[in-house]
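Peer 1: There's a structure below that I have some questions on.
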Amino acid sequence: MSYRAPVRDLIFTLTEVAGLDAITATGAFPDHDTELTAAVLEAAAQFSEGVLAPLNRIGDQQGATCTDGSVTAAPGFADAYRQFAEGGWTGLSAPAHAGGQQLPKALELAAYETVHAANMAFGLCPMLSLAAIEALEAVGTDAQKATYLTRLVSGEWTGAMVLTEPHAGSDLGALTATAVPNGDGTWALTGQKIFITWGDHDATDNIVHMVLARLPDAPPGPKGISLFLASKYLVKPDGTLGERNAFRPVGLEHKLGIHASPTCVMAYEGATAELVGQPNQGLAHMFVMMNAARLAVGVEGVGIAERAYQQALAYARERRQGRSVWTGEPGAQIVDHPDVRRMLSVMKAKIAAARAICLSTGVAADLARHAATEEDRRRWKGREDLFTPIAKAWSTDVGVEVASMGVQVHGGMGFIEETGAAQYYRDARIAPIYEGTNGIQAMDLVGRKLGQDGGVSARELIGEMKATLALLPRLYADKPVERLANAIEAVEDATLWLLDAKADAGRAADVLAGADAYLKLLGDVVGGWLLARGALAARAILDAGEGDPAWLEGRIALYEVYAANVLGHASSRLAAVGQGGALLERMSVDVLAG
C-alpha cells in the first residue's frame, strides 16, 4: 500500500507536546515560524510519498551490488538522491555559513521521519551525512569546512561513519587501523573496517569517510584513538576531484533487511587522510557524530513503525472475516475484531509516544545550544543527554514491536513476502543494533547520563511529570490518572535506588543488571507523560472551539489506550531494575548451558 506522511501528527507533536515554540523564542532561527514548519513538513511528505516510497519494494528485492571494487545503488536510488540533494534536504539544520538553512534540529528530525518511513534503506545515506556535518562543524579546521563541510551540506557529497573492525565490534578501544604521517601534513590510513553503511555508492561523485584509527605513538585503549577524514577521490587545491584514493569496498554484507543500503567491508591501503580535531581525541570527536546518529536512528524506529502501522491498518480495513462483535455484521472488516483493534490501537499509541520522545529530544538539543541563559542551556543539555539513549533504544524497540504486530495483523499473509509487511519487520530489526546496541544505550543511561549531574536532570524530569499528573483529573477519572501516578512513582523509586547503588563502588553489577529494565521503564513512563501532555493540549484546543473534534478526541483516547496497555507494566519493570547483579552471577555459563 502507499505511504502517507502523518503531517498533522508531526506538527501537533512538535508544537503542542515537544515545545517547538520555545526554540522559536530564542531568536536563533530567524527564518523559522509555524507556517514554515508546516511548509517544510508538507514538502518532505510530498517527496517521501512520491519519490522514495515507490522505490522501497524494488530496493528490497534487488538491492545494491558490488563489482570490481565499486558499489552500484539499487535501481532508482541514485536519481532519487540527486533529487533529494537538489531539494536542500541535507542542509535543513546546517549553519547558514556552510550553505545550510539553519532550521531547528527538531524540525529536521520530523522531516526525516517521513524519509525513513518511506524508504529506510535510502534514509540511512543522508542520515550519516548529517552526522559528519555535525562533527566537522564542531572540530573541523577552517580548510576542512571550506572543502568538505559545504559539499556535505549541499548534498553534493555524502558522508560515512567508519568505526567497526572485525575483531573489535562495539569495543572501539580494541581497533587496530593505523595512520602514519606522510610528511606533508596528511596521513596514510591502513586497516579493514566492517559494517560501513553507504561506504561506497554511485549516487554522488565523492564520499567523505570519517575514520577512527591509531597514530604510531598512540597509547593503548580508547585514549589512543584519533579521527581522520579520507575522501573517495582526492580533492585538489581548487576543489576539483583528483585520483581515486587508496580504499575500496571489498564486498557487501548479506543482510536480513535494508537490502538497498550497501553495508560495506572497506579496505584502506595507505589511503591519504586528514586528521580531524586533536590527536588521540578521536573517540570524543566521534561521539559528536554518534550522538547525532543515535537520535536519528530513534527517528528511524518511529518511521518504520509508522509505515508498518499504515500497512496493517489498510489490510485490516480491507480483509473481511467473521462477525463484528459491535455491529453484528457478518463478513466484517477484521478491524472490527477486538484483538485486531487492540493491536492497532497499541501500535498507534506507541508510535505517538516514540515520536514525542524523539522530537522532545530534538527540542532539548536545540535549546541546549540556543537557550537564553547559561543555566537554561545547562538544564536543557541535561535533558538532551538523559533522553538520547531513551530516544534511540526505546523508539527502535517500538519499531521492531510495531512491525511484528503488523505481521500479526496480516495473519498468515503477513509472513508472505508479497504483502510487504515482512520487509518492515526485517528492516526494523537492525535499528536496535545500530550506533551502539540498545543494551549499550541502557549502560550509557545508568552508567553516565543518570549520575553525571548527581541525578538533577532525572529529578527535574520527575517533577515535570508530576506537574502534568496533577492536571490529568480534568480529563480522566480514576484508572488513567492512577496508572500514570503509579508509573511515575516506579520511576522515582528506580532512580533513587540506582543513584544509591552508583554511589557504592561495590555495586556496579547491581547497576548494570538493572540498566535495560530502567531504560524501558523510563521510556514507558516518559512516553505516557508526553501523551498525557498531548491529551491536555487537545482538550484545550477543543475548549477553544478550534481544530478537528474527532481527531482531537482521538488524541485524548490515545493516552487512555497507552495507560491501559503500557503503564501497567511499570511495577514489573521496577522489579527487574532491582534484581541485582548476584542473581545474574548465579546464572553462570554452566547453568545457562545445563
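The values are calculated or read from the model by the stated rules, or taken from the named source; none is laboratory data. Remember, predicted model here, so these are calculated numbers, not experimental data. With ideal geometry, Cβ positions are generated from the backbone for all residues, glycine too; neighbour counts draw on all protein chains shown. Calculation scope for accessible area: heavy atoms of the full protein, side chains included, ligands and nucleic acids excluded. Shrake-Rupley method; radii C 1.70, N 1.55, O 1.52, S 1.80 Å.
Peer 1: Given Cβ point charges of +1 (Lys, Arg) and -1 (Asp, Glu) and nothing else, what value in debye, to the nearest 20, does the dipole of the range 528-578 about its Cα centre take?
Peer 2: So the magnitude is around 300 debye.
Peer 1: Okay, next question. Rounded to the nearest 500 deg cm²/dmol, what is the calculated helix-only ellipticity per residue at 222 nm for the chain, with -39500 (n - 2.57) per DSSP H run of length n ≥ 4?
Peer 2: So the helix-based figure for the chain works out to -17500 deg cm²/dmol.
Peer 1: Return the inverse of the average 1/r over all pairs of distinct C-alpha atoms in the range 397-468, which is the Kirkwood hydrodynamic radius, in Å to one decimal.
Peer 2: 14.8
Peer 1: Sticking with this structure for a sec: To make sure I understand the rule: partners must be aspartates and glutamates, Cα under 20 Å from the Cα of Lys223, and not fewer than 8 residues away in the same chain. Which ones qualify?
Peer 2: Glu165, Asp171, Glu274, Glu435, Asp444
Peer 1: Do the alpha carbons of any pairs in Lys255/Lys520; Lys193/Lys350; Lys255/Lys449; Lys381/Lys466 sit beyond 29 Å of each other, and which pairs?
Peer 2: Listed pairs above 29 Å: Lys193/Lys350; Lys255/Lys449.
Peer 1: Limiting things to C-alpha atoms, what are the Rg and the maximum Cα-Cα separation (Dmax) for the range 41-167, in angstroms?
Peer 2: Every Cα atom of the range 41-167 included, Rg and Dmax give 15.1, 45 Å.
Peer 1: I'd like to compare 359-366, 2-9, 294-301: which one has the highest average count of other Cβ atoms within 10 Å, and what's the full order after that?
Peer 2: Details: 359-366: 27.9, 2-9: 18.5, 294-301: 29.9.
Top of the packing list down: 294-301, 359-366, 2-9.
Peer 1: Further question: State the volume of the convex hull built on the alpha-carbon positions of the chain, expressed per residue in Å³ and rounded to an integer.
Peer 2: Cα-based convex hull of the chain, divided per residue, equals 168 Å³.
Peer 1: Considering only protein heavy atoms and a probe of 1.4 Å, how much of the accessible area of the chain is carbon and sulfur, as a whole percent? Don't jump to the answer; show the numbers that get you there.
Peer 2: Details: 12330 of 23220 Å².
Its accessible area is 53 percent carbon and sulfur atoms.
Peer 1: Rounded to the nearest 10 Å², what accessible area does His97 have for a 1.4 Å probe in the complete protein model?
Peer 2: Answer for His97: close to 130 Å² accessible.
Peer 1: Toward the positive end of the charge dipole of the range 65-143, about the Cα centre and with charges on Cβ (Lys, Arg +1; Asp, Glu -1), which of Pro126, Val115, Gly99 goes farthest?
Peer 2: Most positive-ward Cα: Val115.
Peer 1: Using the crude model of +1 on Lys and Arg Cβ and -1 on Asp and Glu Cβ, and no other charge, please compute the dipole size for the chain relative to its Cα centre, in debye to 20.
Peer 2: With only Lys, Arg, Asp and Glu charged at Cβ, the dipole is about 820 debye.
Peer 1: A further question follows. Just the number please: accessible area per residue for the chain, 1.4 Å probe, all protein chains included, in Å². Kindly include the intermediate steps, with their values, before the conclusion.
Peer 2: Values: 23220 Å² over 594 residues.
That works out to 39 Å² per residue.
Peer 1: Another one. In percent, how large is the relative contact order of the chain, given Cα pairs closer than 8 Å and 6 or more residues apart?
Peer 2: With pairs under 8 Å counted, the relative contact order is 13 percent.
Peer 1: Can you list which of the DSSP-assigned H helices in the chain have a Cα extent of 30 Å or more along the long axis and an average Kyte-Doolittle score of at least 1.0?
Peer 2: none
Peer 1: Using the alpha-carbon centroid of each, what span in Å lies between the range 386-448 and the range 547-561?
Peer 2: Centre-to-centre distance over Cα atoms comes out at 26 Å.
Peer 1: Per-residue counts of other Cβ atoms within 10 Å, averaged by peptide: what ranking do you get for 36-47, 368-379, 551-562, highest first?
Peer 2: Listed from highest to lowest mean packing, they are 551-562, 36-47, 368-379.
Peer 1: I'd like the accessible area for Ser588, computed on protein heavy atoms only with a 1.4 Å probe and all protein chains in place. Round to 10 Å², please.
Peer 2: 40
Peer 1: Semi-axes of the range 116-258's equivalent ellipsoid from the Cα gyration tensor, sqrt of 5 times each eigenvalue, largest first, rounded to whole Å?
Peer 2: Values: eigenvalues 103, 90, 41 Å².
Largest first, the range 116-258 gives 23, 21, 14 Å.
Peer 1: Which Cα, out of Gly455, Met443, Leu472, lies furthest along the positive dipole direction of the range 434-488 (beta carbon charges, K/R +1, D/E -1)?
Peer 2: After comparing all options, I get Leu472.
Peer 1: Also, quick follow-up: Under Stokes-Einstein, with the Kirkwood radius over Cα pairs standing in for Rh, what whole-number D in µm²/s applies to the range 430-549 at 4 °C and 1.567 mPa s?
Peer 2: After rounding, the answer is 81 µm²/s.
Peer 1: Separate question: log₁₀ I(q)/I(0) of the range 380-438 at q = 0.18, 0.22, 0.31 Å⁻¹, via Debye over equal Cα point scatterers, no solvent, to two decimals?
Peer 2: The Cα Debye sum returns log10 ratios of -0.63, -0.79, -1.12.
Peer 1: Quick one: compute the contact order of the range 44-91, relative version, from alpha carbon pairs under 8 angstrom and 6+ residues apart, as a percent.
Peer 2: 28
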